[in-house]
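Below: one structure, written as structure tokens.
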Amino acid sequence: MFFSNTSDVIVVAAGTDSERRYEVVKMDVIADHNHLWQKHKATLRYVHEHFRHEFDWFYKADDDAYVIMENLRQYLRRPEIMQAYRREPMQMGHRFNLTQDLVSYYIVDDSLEDIWRSRWERWVFNSGGPGYVMNRLYMDSIVSILPDWTCLSDKHSEMLPDDASISFCMMWHDVFPWDTRDHLGRERWHSDKPKGVFFTNPNRADYWYVQYHYHIGGVRWKQESAAPDSVAFHYISPPLMYHLERTLYLCRAGDDVPDVAAFNAKYGLAIGDDVMVYQDMPQRKPAQALAEKPAVTQASGQVAGAANAKR
């Protein structure tokens, strides 16, 4: 998905009607999990060549991400970002810190690893699952350095995760992921579903998710886990996408929608009973499940929050 400060264009959904409508381009790469970095490099080059001058911001996410577009827009309009996005490369999302055992596994070239370790102790990157947003200067920089030795350009690195790889490339040019937490340390981007974000115990030292947050602020849970203006979540199943969409944008206190049929009739939808019930959540009475509006400032026209851009 690519968008500017004033308009949105979504390019998503391989093999669907949306794909044909938006003319998603098939890249000449192997589209499997063993060629993530190769696939992402081809995508970056194509997007930069064809859309570089049309958009201010470029967003990459997996197809099981859910993005609250109004909160993303509002975050990118913060004064510190507006002052910087035309002057420096910027990438924002949910930060991870790669564990040391994986550093050695990912950097295949021993001499490159030696140089890296002589300069840094941490490999911080934005999780690709919920997505990360890049400005135009970031796109300029990453595309120009993709052939470099320090950008994991050897054939054996094609299988590396694209989110870790892109940050590895940019750190050689002193560009690092922004800290996108709010003033209380609560995350805006989330690399898990809402339930996981809320219940992940930060004291579970053996859990990879906790380990990936060492030395970058740690994990917060329960009421301290998520900022009220949260932007994105990961591992969102289709039923949960419908649930989030309905809760954030459609359900309001006092709504005359006692059942799914009435809900469909009111909003012009055709949603089945099974889809609207998220089985992994405790069942509650409809009156208890009504939600308030999301913490957003409305942009020019309401945009649905399921923004997916798997490459």
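Figures for the structure shown
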quantity: Label-point separation, residue 102 to residue 156 (7 Å along Cα→Cβ), nm; calculated: 2.0 nm
quantity: Measure of compaction for the range 46-104 (Cα Rg per 2.2 N^0.38 Å); calculated: 1.43
quantity: Qualifying GluC sites (Glu not before Pro) in the range 43-79, DSSP loop, other Cβ atoms within 10 Å at most 16; calculated: 54
quantity: Per-selection Rg to Rh, the range 36-153 - Cα, Kirkwood hydrodynamic radius; calculated: 0.98
quantity: Relative contact order (%) - the range 2-224, alpha-carbon pairs under 8 angstrom, separation at least six; calculated: 24 percent
quantity: Projected label distance in nm at residue 256 and residue 186, using a 7 Å step from Cα toward the beta-carbon; calculated: 3.5 nm
quantity: Cross-link table 60/195; 193/266; 39/193; 26/155; 60/222; 60/266, entries beyond 30 Å C-alpha to C-alpha; calculated: 60/266
quantity: Cα-only Debye scattering, the range 2-224: base-10 log of I(q)/I(0) at q = 0.07, 0.15 Å⁻¹; calculated: -0.22, -1.10
quantity: Extension gain, residue 206 back to residue 111 (0.36 nm per residue minus Cα-Cα distance, nm); calculated: 31.1 nm
quantity: Cβ-based net charge around residue 150, under 12 Å, with every Lys or Arg adding one and every Asp or Glu removing one; calculated: -3
quantity: The range 49-138: chymotrypsin sites (Phe, Trp or Tyr not before Pro) in DSSP loop, at most 14 other beta carbons within 10 Å; calculated: 120
quantity: Loop-located trypsin sites (Lys or Arg not before Pro) in the range 206-269, at most 11 other Cβ atoms within 10 Å (DSSP); calculated: 252
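Values quoted throughout were computed directly from the atomic coordinates according to the rules given, and no laboratory measurement underlies them. Treat the numbers as computed from the prediction; the structure is a model and nothing was measured. FYI the Cβ positions are ideal-geometry reconstructions off the backbone, even for glycines, and counts take in every protein chain you see.
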